[in-house]
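What follows is a set of notes on a single structure, which appears directly below.
The values are calculated or read from the model by the stated rules, or taken from the named source; none is laboratory data. Computed from a prediction, not measured in an experiment: that's the story for all the values here. Positions of Cβ are generated from backbone atoms using ideal geometry, with glycine treated the same way; all protein chains shown enter the neighbour counts.
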């Protein structure tokens, strides 16, 4: 069933206090204010010399006949629906993660040149899944990867609960559709994640740069099966009910590993 975001004036303010939306508090005015941010305001948030700008998605804009991704690549224009949660979060992703967004666009345009605009390749599906629901996960403890590989959700989120606080594992939510879904309290969120193995001193910026480079070079996201499911609702304090151990046995987001399913090794950052 297609997700329908709540109207702006009805959003429960508590969702902005809980992750993943709590990580975007620098844009609290745009997210929580009574009025929608204008296209001009979004563009003012771009750094000087940005490769893109936002433009209202109007019939006049679409009359150029370009595919959404082609318009970004050829004109630097991100078609943006006004007063729309999905496109607002997409704009925020461009502001925070420009290298990842540019890498995805570069690959999408390359696939469109090969496939045309009527068909979609496996790489296009992978790129879109990550764009919409992606997360980047930094791993600094190999034991946690083994739990994730096995879909041992109780182990990853409950027995190793401290790992999410002490830096052994860290996540950055990238997908704008995932952020939109977080507007609904209590929703069980599952990301499509890329894993990056880093030494203890390695930071998230290093992991993001590693992912962007690998995507742009075509070394990553050639198939949707490369993406790992990560139930974000299991991360301590990200869901109101996950303070109870039973949550990790009962919540529907915790799927067992399918027979024969194997994940690629993490990127080495």
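Assorted remarks:
- The set of residues in the range 1-16 that are touching a helix residue (DSSP H, G or I) at 6+ places or on another chain (Cβ under 9 Å) and loosely packed, with under 11 Cβ neighbours inside 10 Å contains only 13.
- Helices (runs of 4 or more DSSP H) contained in the range 1-85 and holding at least 1 residues touching a residue at least 40 places away in the same chain (Cβ under 8 Å), within 19 Å of residue 108 (Cβ to Cβ) and within 20 Å of the chain's Cα centre (by Cα): 68-75
- Number of the exception - residue 20 against (1) touching a strand residue (DSSP E or B) at 6+ places or on another chain (Cβ under 6 Å); (2) under 30 Å from residue 113 (Cβ atoms); (3) crowded, with 18+ Cβ neighbours inside 10 Å: (2)
- Some residue of the range 256-264 being within 16 Å of the chain's Cα centre (by Cα) and free of Cβ contacts under 8 Å to residues at least 40 places away in the same chain: no
- The number of residues in the range 175-190 that are part of a helix (DSSP H, G or I) and in contact with a strand residue (DSSP E or B) (Cβ under 8 Å, 6 or more places away or on another chain) comes to 2.
- The combined condition, being more than 21 Å from the chain's Cα centre (by Cα) and surrounded by 18 or more Cβ atoms within 10 Å (Cβ to Cβ), is fulfilled by residue 112.
- Boolean, residue 243 is assigned to a loop (DSSP other than H, G, I, E, B), modelled with pLDDT of 95 or more and within 22 Å of residue 101 (Cβ to Cβ): no
- Residue list for the range 236-247, filter: in contact with a helix residue (DSSP H, G or I) (Cβ under 6 Å, 6 or more places away or on another chain) and either free of Cβ contacts under 8 Å to residues at least 60 places away in the same chain or surrounded by 21 or more Cβ atoms within 10 Å (Cβ to Cβ) (or both): 239, 241
- Selection count, the range 191-218, where residues are touching a helix residue (DSSP H, G or I) at 6+ places or on another chain (Cβ under 8 Å) and over 21 Å from residue 153 (Cα atoms): 9
- Residues of the range 162-173 classified as crowded, with 16+ Cβ neighbours inside 10 Å and more than 20 Å from the chain's Cα centre (by Cα), total: 2
- Of 251, 216, 193, 207, all but one fail to be touching a strand residue (DSSP E or B) at 6+ places or on another chain (Cβ under 9 Å), surrounded by 15 or more Cβ atoms within 10 Å (Cβ to Cβ), more than 22 Å from residue 3 (Cβ to Cβ) and modelled with pLDDT of 95 or more; the exception is 207.
- In the range 119-151, residue surrounded by the fewest Cβ atoms within 10 Å (Cβ to Cβ) [restricted to those that are in contact with a helix residue (DSSP H, G or I) (Cβ under 7 Å, 6 or more places away or on another chain), free of Cβ contacts under 8 Å to residues at least 60 places away in the same chain and farther than 30 Å from residue 69 by Cβ]: 141
- Listed here are the helices (runs of 4 or more DSSP H) enclosed by the range 90-174 that have at least 1 residues being under 30 Å from residue 247 (Cα atoms): 122-133, 142-149, 163-166.
- Here the condition is being in a loop (DSSP other than H, G, I, E, B) and in contact with a helix residue (DSSP H, G or I) (Cβ under 7 Å, 6 or more places away or on another chain); of 264, 256, it holds for 264 alone.
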